[in-house]
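Right, one structure below, let's go through it.
The values are calculated or read from the model by the stated rules, or taken from the named source; none is laboratory data. Since we're looking at a predicted model, the values are computed, not measured. Counting neighbours? That spans all protein chains shown, and the Cβs are built from the backbone with ideal geometry, glycine included.
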Amino acid sequence: MDGTPLTAHSRAEIRLFCKATLCPLCAKGPLEPLAPDEQSSQAGAHTAGVRVRCKACGEPSEFSFRLPPDPPSELSGELEIINPTEDPSRIIDVSQWITLYAVLYEEAARTAAGPRKRLLELQAGQCLDEALKFFEDDQNDLPPASAFFDDSARLRLRDHPQEFSRQRLISFRASLPRPLG
């Protein structure tokens, strides 16, 4: 990491960034945030240093994030807010949001009915909401090139454009619950 803080909308977005990011050392992963007492925050500066460990190679690394002055915490007591703004993420691209949705949705499908299943479905829905923020206008069914942060994501779009169809994502989103309140 070069030391420049990454801009995040919330601590929930930081945790999802770790889940969606490959290890900078072995290029595998995912990354696992270490225990909360191993995370630090600089008072007044609204930055957070997050130590992580790769689930594949076990090597630790650290990321620095810049957060808004009052990052969001919960929505209706049910769910952590990822991003209360209409601005797309600067740290998780559209391809990663779609992957996060798929992981959470599959986990929900394997979970018995109840509060845990609902939480996973709500989180999956938020990931789709975040992916949809990358689309520029109602005329385009695919996200713009700026929605992809690396070459592997751009190749995924080239090879599987149907995965990024706005209408497909809207259809998936419609099948998921929305938070109460």
Within segment 153-173, work out how many residues are within 19 Å of the chain's Cα centre (by Cα) and either assigned to a loop (DSSP other than H, G, I, E, B) or surrounded by fewer than 11 Cβ atoms within 10 Å (Cβ to Cβ) (or both). 1
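Against the definition (over 28 Å from Leu169 (Cα atoms), in contact with a Lys or Arg (Cβ under 9 Å, 6 or more places away or on another chain), surrounded by fewer than 16 Cβ atoms within 10 Å (Cβ to Cβ) and modelled with pLDDT of 90 or more), how does Cys57 come out, yes or no? First the steps, then the outcome.
Values: over 28 Å from Leu169 (Cα atoms): yes; in contact with a Lys or Arg (Cβ under 9 Å, 6 or more places away or on another chain): yes; surrounded by fewer than 16 Cβ atoms within 10 Å (Cβ to Cβ): yes; modelled with pLDDT of 90 or more: yes.
In short, yes.
Return the residue satisfying two criteria in turn: it lies in segment 82-122 and is assigned to a helix (DSSP H, G or I) and either without any contact (Cβ under 8 Å) to a residue 12 or more places away in the chain or of a type in the set (Gly, Ala, Ser) (or both), and of such residues it is surrounded by the most Cβ atoms within 10 Å (Cβ to Cβ).
From segment 82-122, those assigned to a helix (DSSP H, G or I) are 94-109, 115-122; that's our starting set.
Subset that is either without any contact (Cβ under 8 Å) to a residue 12 or more places away in the chain or of a type in the set (Gly, Ala, Ser) (or both): 95, 102, 106, 108-109, 115-117.
On the way: Ser95: 25, Ala102: 14, Glu106: 12, Ala108: 18, Ala109: 11, Pro115: 9, Arg116: 12, Lys117: 16.
Among residues in segment 82-122 that are assigned to a helix (DSSP H, G or I) and either without any contact (Cβ under 8 Å) to a residue 12 or more places away in the chain or of a type in the set (Gly, Ala, Ser) (or both), the one surrounded by the most Cβ atoms within 10 Å (Cβ to Cβ) is Ser95.
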Please specify each residue of segment 36-52 satisfying the condition of being of a type outside the set (Asp, Glu) and either over 24 Å from Asp70 (Cα atoms) or modelled with pLDDT under 60 (or both). Pro36, Gln39, Ser40, Ser41, Gln42, Ala43, Gly44, Ala45
Flag for Ala131 being within 26 Å of Ser165 (Cβ to Cβ), in contact with a Phe, Trp or Tyr (Cβ under 6 Å, 6 or more places away or on another chain) and modelled with pLDDT of 95 or more: yes
